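Working notes, structure below.
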Amino acid sequence: KYILAIESSCDDTSAAVLCHTNVLSNVVATQEIHKQYGGVVPELASRAHQQNIVPVVHQALAKANIDKKELSAIAFTRGPGLMGSLLVGTSFAKSLALGLNIPLIEVNHMEAHILAHFIEDENKSKPTFPFLAMTISGGHTQIVKVTDHFTMQVLGETLDDAVGEAFDKSAKLMGLPYPGGPLVDKYAKLGNPSAFDFPKPKVDGLNFSFSGLKTSILYFLRRETQKNPKFVEENINDICASVQHTILDILMEKLQMAVDQTGIKQVAIGGGVAANSGIRARLKEAEETLGWQTFIPKFEYCTDNAAMIGIVGYLKFEKGKFTDQSVAAKARYAIGS
Ligand code: ATP
Ligand code: FE
């Protein structure tokens, strides 16, 4: 069985071919155009998807060495995401499935970030049910209880900015280019995480808030640069280390709370921020001191990619969970709905 998967929810156009749980190809065209605007511009994203989708799908089939006539089904991201972006992938998937007369399978992007843990990878162990999943990316921050492949419950999520956004906006305040997350990580390695103190938000339960942190960093930097115009330049490592330390404290406190509440000690992380070396170190520490088992997929399956859409496609294919041609893209699409 070969499944073609298509992802176009935000600013990456991606197509993958899977054979069962094995990824034969996973092609991602990242849209560079947004860099000059310091964030994703929806209208430009949807235009770039239109340009990219045919060549990206062709490349995915060619790399997998599969003819489209050999495909068993087409899986696609229905939502959540930018409407204009989702429409491109959704329409393309619908017409291809119709043309080839094979089943169509809709996929929730957030469920796919979680089920990416089940992509075949001989170097990684997989979580067993039930487990906790934390998705941390540029657009999302969620803790989810995963009971089985298709039963998930959101325990908490961000009330304002996503964690990746918190990294990127803090970086922007320090004058670093977009997306600043990886740079904050890089400088943080050289700095002192206790050099500066930033207040942590008081949010009840398992929800998150990151917009207050951004504001306090703004005021802090403004105050310090008034005293010393070269403050940021001279202290970039310490500022990055302190900002990152605060963000990671927030994430780890909520994870710990989720573990305590559910009694589940398997914690699976996904999303682009999972690349952060600090969060990886904290998780390792929690394995040693708290007896957690933690999981992070290969990096290419953490950022937006079609392989994770394909694994959900495969799991749904096995259960006969197909979608008919009347399906429409859904910009807001909660897990489990
Ligand atoms: P979505 O939210 O739909 O997954 P996205 O494209 O915004 O889409 P990702 O591609 O998953 O998100 O992740 C990008 C985010 O991850 C950016 O905010 C980026 O700054 C952040 N990021 C990437 N690497 C690191 C790192 N090493 N440390 C901190 N943040 C990082
Ligand atoms: Fe995503």
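Quick note: the coordinates plus some simple rules give every number you see, no bench work behind them. What you see is a predicted model, and the numbers here were worked out from it, not measured in a lab. When we count neighbours, we look across all protein chains shown, and the Cβ atoms used for this are built from the backbone with ideal geometry, even at glycine.
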> Using alpha-carbon positions, what is the distance between the centroids of region 109-151 and region 209-229, in Å?
Replying inline: 35
>> Nothing charged except the Cβ atoms of Lys and Arg (+1) and of Asp and Glu (-1): what's the magnitude of the dipole of region 47-183 about its Cα centre? Round to the nearest 20 debye.
In response: 360
> Using +1 on the beta carbon of Lys and Arg, -1 on that of Asp and Glu, and nothing else charged, what's the dipole of the chain about the Cα centre, debye to 20?
Replying inline: 300
> Ordered by packing density, taken as the mean number of other Cβ atoms within 10 Å over each peptide's residues, highest first, how do 321-327, 150-156, 292-298, 71-77 rank?
Replying inline: 71-77, 292-298, 150-156, 321-327
> Simple spin-label model, 7 Å along Cα-to-Cβ: GLU253 to ILE33 in nm?
Replying inline: 4.1
>> Output the 0 to 90 degree angle, nearest 10, between the alpha-carbon long axis of helix 277-290 and the longest principal axis computed from the alpha carbons of the chain.
In response: 90
> Which of the lysines could a cross-linker span from LYS186 if the Cα-Cα distance has to be under 17 Å and same-chain partners fewer than 8 positions apart are dropped?
Replying inline: LYS169, LYS172
> If you take the alpha carbon radius of gyration of region 19-108 and divide it by 2.2 N^0.38 Å, what ratio comes out, to two decimals?
Replying inline: 1.15
>> Among DSSP bridges having both ends in the chain, what percentage is antiparallel? Round to the nearest 5.
In response: 60
> For the chain, with the dipole built from +1 on Lys and Arg beta-carbon atoms and -1 on Asp and Glu ones, taken about the Cα centre, which of VAL312, SER209, THR135 lies farthest toward the positive end?
Replying inline: VAL312
> Modelled label-to-label distance, TYR219 and GLU122, 7 Å Cα→beta-carbon offset: nm?
Replying inline: 5.6
> How far is helix 163-173 tilted off the main Cα axis of the chain, in degrees rounded to 10, range 0 to 90?
Replying inline: 50
> Between PHE129 and ASN237, what length comes free when the chain is fully extended (0.36 nm per residue of separation minus the Cα-Cα distance, one decimal in nm)?
Replying inline: 34.9 nm
> Could you work out the helix-only [θ] at 222 nm for the chain, with each DSSP H run of four or more residues adding -39,500 (n - 2.57) and the total divided by the number of residues, to the nearest 500 deg cm²/dmol?
Replying inline: -14000 deg cm²/dmol
>> Cut-off 10 angstrom, C-alpha nodes, Gaussian network model of the chain. Which of ASP160, ASP168, ASP148 fluctuates the most?
In response: ASP148
> Between PHE299 and GLU285, what length comes free when the chain is fully extended (0.36 nm per residue of separation minus the Cα-Cα distance, one decimal in nm)?
Replying inline: 3.0 nm
> About the Cα centre of region 244-337, what is the dipole size in debye to 20, counting +1 per Lys and Arg Cβ and -1 per Asp and Glu Cβ, all else neutral?
Replying inline: 300
> What does the chain give for Rg and for Dmax, in Å, if only its C-alpha atoms count?
Replying inline: 20.4, 68
>> For region 197-337, take the convex hull of the Cα atoms, compute a quarter of its surface area, and give me that in nm², please.
In response: 12.4
> For SER72 and GLN325 in the same chain, what is the full-extension length gain: residue separation times 0.36 nm, less their Cα-Cα distance, in nm?
Replying inline: 89.5 nm
>> Could you compute how fast region 42-175 diffuses translationally, taking Rh as the Kirkwood radius over C-alpha pairs and applying Stokes-Einstein at 25 °C with viscosity 0.890 mPa s? Give it in µm² per second.
In response: 141
>> For region 204-337, what does the relative contact order come out to in percent, with C-alpha contacts under 8 Å and a separation of six or more?
In response: 18
>> If I fit a long axis through the Cα atoms of helix 42-64 and take the longest principal axis of the Cα atoms of the chain, what angle between them do I get, 0 to 90°, rounded to 10?
In response: 60
